[in-house]
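J.: Before I ask anything, here is the structure I am working with.
The values are calculated or read from the model by the stated rules, or taken from the named source; none is laboratory data. Here the structure is a predicted model, which means the values were calculated and not measured. Reconstructed Cβ throughout: ideal geometry from the backbone, glycine too, with neighbour counts over all protein chains shown.
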Amino acid sequence: MTMLGDRQQLSYIASQAADARLNLELETEGMTLNIGPQHPATHGTLRIIARLDGEQVVWAEPACGYMHRGYEKLAEVRTFPQVTTLVNRIDWLGSFANEVPFILAAEKLMGIEVPTRAQYIRTILFELSRIANVSLFLGDLGVQLGAITPVFLAFRDREYVLNLIESATGGRFHPNFDRIGGLKDDLPAGWIDETRAVMKKLRSFCDQIEDLLFGNEIFQSRTRGIGVIPRDVALQYGLSGANLRASGVDWDLRRDQSLPMMWNKADWKVWTHPDGDSFARCWIRLQETRESTKIVDQLLGSIPAGPVMAKVPKIIKVPEGEAWVSTENPLGEMGYYVVSRGDLGPFRVKIRSASFNNISITPWLLRGVYVPDIVTILASLYFILGDIDR
Amino acid sequence: MVLNLPSEKVKPLSSTSETATLVVDTAREELLATIKNSLGEAVVDSHLKPGDDLWILVRTDAWQASLKKLRDVHSFDYFCFLSAIDWMPSPYGRGEDDPTEPAPERDTTIRPGYAGGETRIQVFVRVVNSTTHIGLNVKVDVDDTTPVIDSLISVYAGANWHEREAHEMFGIDFAGHSDLRNMYLPVDFEGHPLRKDFPLLARMVKPWPGIVDVEPLPGGDSSDATNDGDAS
């Protein structure tokens, strides 16, 4: 314990209580298990410090900040169109979905109405980034439980989606395609047919994963009844997305709020699960990927003709005001509280990212679980480090 | 004080957005009336954008009690986020000053946002009713010299990390929060980065090149690339 970093030193002090209790009650010596910062289960550099009593966790605390980039401060010295470049890098697996709520907030303040075609394409790209994001989750889930095959399937099939995003936007991971007033460009020729074919492949990928993983006895016994989050706790901690719906809360921002997006033009279902355990969270995500492919398929058929960009001034000044826009991102509710002072850039941007809330429940959730379950629970909560640290 | 200035330069592009501003939002108006009724004196001011969102400003000493009431009586059971805002315009502007010149005079008068307020720093929280899905932004003034405010952990457990973040970024103390360690910054970090008078050091060390750095594309029309400066 001589090589303690500053951060750990404080955590260490906080863990002394747990330690003392252990020694007193059980006359055993506790052990500190350090998971990460580099760990395959962390999608980035999250460190988890856990005090163990044998196989059981008595106290656990994630140490964030290894990837803090200060986007809220940086956004204050940038112009509105420049901010999308930053927010692209928050959840890097579903980047396009990060741009949308910020652009919507700016458009709300400016009172711009986006052409219908642009709204359709935005929604389609939004769902494609969800598919790209969550399909990697489904594959990665297997790896963390010791199954190798699903991740190969996931990387193979995610590539089809990334190719689609690349051919439409020019960027595989960071499209930076959304503009205030519409989109940078129209879809390339032949893109719609290609997307249809890919959606078919993704649906068979979901079937494969369901067969391989969700029907697997080991997977079920590792996830069923593990890491149960009751409904009221989930709401108190502000969990969102699949994590919230897995606790039985029927709430999807795509359905339950009116935004200038086209989700309500498609017929799809919001899945919920009553259990609230790791299995439920994974299962919801699998179903959501399926629903996303359905949404994309239906919207592809009804994209209207027209421009993809509204008329906006060359130098964008956003009128004074405050706006909050959040969307149902792959990881959960992602929102921007944008304050403008009529300037070229935002006065203040509060980025409410899904993973920050989702992971803030871990000290509560990990208490009392067994060591191997730490990985399953973290995997099922599904976070991306850029989305925690911002 | 209501700061909902209409835009002069950008006009809505179709008639629908103009009619949208005329929508009467009965749900939010009724909600605001019942909130004002039950919280009474605690609500200092409010702001309602029909069809969009609702803001209230509560008295500093009634902060925790108001949120508790909002949770229990008005079923705002979903904690979305908590953060703070520094209303003083940055004395550094957007960090684009020439370091060789003296810094230009900047207006740093504090103007509060929606639902008003008197102090430089405000804490705000967003809570949502998980049944009706109507959200509410609750703001509260924080004293400038001793920024202390009650912690919301006893009301919403999820406020823990958000308060830690607001503590390190704005220097606000949350009374009743036992664990205000830094979330992101090193332990010995000095200052509160999201306060407006905290300079963005990256821009101080190396001035922002801005448009001056943009060279015209080879063979391209150079008149496109230059807006208000040239490559000299």
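J.: So is B:THR119 closer than 26 Å to B:PHE189 by Cα and touching a helix residue (DSSP H, G or I) at 6+ places or on another chain (Cβ under 9 Å) or not?
T.: Yes.
J.: Please count how many residues of segment A:190-204 are without any contact (Cβ under 8 Å) to a residue 60 or more places away in the chain and either among the β-branched types (Val, Ile, Thr) or assigned to a loop (DSSP other than H, G, I, E, B) (or both).
T.: Count: 2.
J.: Turning to a different aspect of this structure: Every residue in segment A:165-189 that is polar (S, T, N, Q) and assigned to a loop (DSSP other than H, G, I, E, B), please.
T.: In the first step, residues of segment A:165-189 are kept if they are polar (S, T, N, Q); the result is A:167, A:169, A:176.
If the condition is that a residue be polar (S, T, N, Q) and assigned to a loop (DSSP other than H, G, I, E, B), then A:ASN176 is the only one that fits.
J.: Just give me the residues in segment A:205-224 being within 23 Å of the chain's Cα centre (by Cα), over 17 Å from A:ASP140 (Cβ atoms) and in contact (Cβ under 8 Å) with a residue 12 or more places away in the chain, in sequence order.
T.: Residue satisfying the conditions is A:ARG224 alone.
J.: It is to be established whether one or more residues within segment A:157-179 are crowded, with 19+ Cβ neighbours inside 10 Å, out of contact with any Pro (no Cβ under 9 Å at 6 or more places or on another chain) and of a type in the set (Ser, Thr, Tyr).
T.: There is at least one residue in segment A:157-179 that is crowded, with 19+ Cβ neighbours inside 10 Å, out of contact with any Pro (no Cβ under 9 Å at 6 or more places or on another chain) and of a type in the set (Ser, Thr, Tyr).
J.: Report those helices (runs of 4 or more DSSP H) wholly inside segment A:275-390 carrying at least 3 residues which are among the hydrophobic types (A, V, I, L, M, F, W, C) and within 13 Å of chain B (Cβ to nearest Cβ). Show your work before the answer.
T.: Working: elements: A:278-301, A:354-359, A:362-365, A:371-381, A:385-389.
The helices (runs of 4 or more DSSP H) meeting that bar are A:354-359.
J.: Return a yes/no flag: does segment B:42-57 have any residue that is assigned to a helix (DSSP H, G or I), of a type in the set (Asp, Glu) and either modelled with pLDDT of 85 or more or surrounded by fewer than 17 Cβ atoms within 10 Å (Cβ to Cβ) (or both). First the steps, then the outcome.
T.: Of the residues in segment B:42-57, the ones assigned to a helix (DSSP H, G or I) are B:42.
From the residues that got through so far, the ones that are of a type in the set (Asp, Glu) too are none.
Scanning segment B:42-57, I find no residue that is assigned to a helix (DSSP H, G or I), of a type in the set (Asp, Glu) and either modelled with pLDDT of 85 or more or surrounded by fewer than 17 Cβ atoms within 10 Å (Cβ to Cβ) (or both), so the answer is no.
J.: Tell me, please, whether a residue that is away from chain B (no Cβ under 12 Å), outside any helix (DSSP H, G or I), farther than 16 Å from A:SER360 by Cα and modelled with pLDDT under 90 can be found in segment A:228-246.
T.: no
J.: I'd like the residue in segment B:61-73 that is crowded, with 18+ Cβ neighbours inside 10 Å and touching a strand residue (DSSP E or B) at 6+ places or on another chain (Cβ under 9 Å) and, out of all such residues, is nearest to the other protein chains (Cβ to nearest Cβ). So that I can check it myself, show each step before the final result.
T.: So the first thing to find is which residues in segment B:61-73 are crowded, with 18+ Cβ neighbours inside 10 Å, and the list is B:62-64, B:66-67, B:69-71.
After this cut, where a residue has to be touching a strand residue (DSSP E or B) at 6+ places or on another chain (Cβ under 9 Å) as well, the list is B:62-64, B:66-67, B:70-71.
Details: B:ALA62: 21, B:TRP63: 18, B:GLN64: 15, B:SER66: 17, B:LEU67: 12, B:LEU70: 13, B:ARG71: 9 Å.
The extreme case among them is B:ARG71.
J.: Something else: Select, from B:PHE124, B:PHE76, the only residue that is buried (at least 19 other Cβ atoms within 10 Å of the Cβ), within 12 Å of chain A (Cβ to nearest Cβ) and not in a loop (DSSP other than H, G, I, E, B). Step through it out loud before you land on a result.
T.: On the way: B:PHE76 fails: not in a loop (DSSP other than H, G, I, E, B).
One residue alone meets the criteria, B:PHE124.
J.: When residues of segment B:88-119 are filtered for being surrounded by fewer than 21 Cβ atoms within 10 Å (Cβ to Cβ) and within 21 Å of A:TRP324 (Cα to Cα), how many remain? Quick ask: steps written out before the conclusion?
T.: Step one: list which residues in segment B:88-119 are surrounded by fewer than 21 Cβ atoms within 10 Å (Cβ to Cβ), which gives B:88-112, B:116, B:118-119.
From what's left, within 21 Å of A:TRP324 (Cα to Cα): B:88-89, B:111-112, B:116.
The total comes to 5.
J.: In segment A:59-101, which residue that is of a type in the set (A, V, I, L, M) and within 11 Å of chain B (Cβ to nearest Cβ) is farthest from A:PRO260 (Cα to Cα)? Quick ask: steps written out before the conclusion?
T.: First, pick out the residues of segment A:59-101 that are of a type in the set (A, V, I, L, M): A:60, A:63, A:67, A:74-75, A:77, A:83, A:86-87, A:90, A:93, A:97, A:100.
Of the ones still in play, those that are also within 11 Å of chain B (Cβ to nearest Cβ) are A:63, A:67, A:74-75, A:77.
Working: A:ALA63: 38, A:MET67: 33, A:LEU74: 27, A:ALA75: 24, A:VAL77: 28 Å.
Per the criteria, the residue is A:ALA63.
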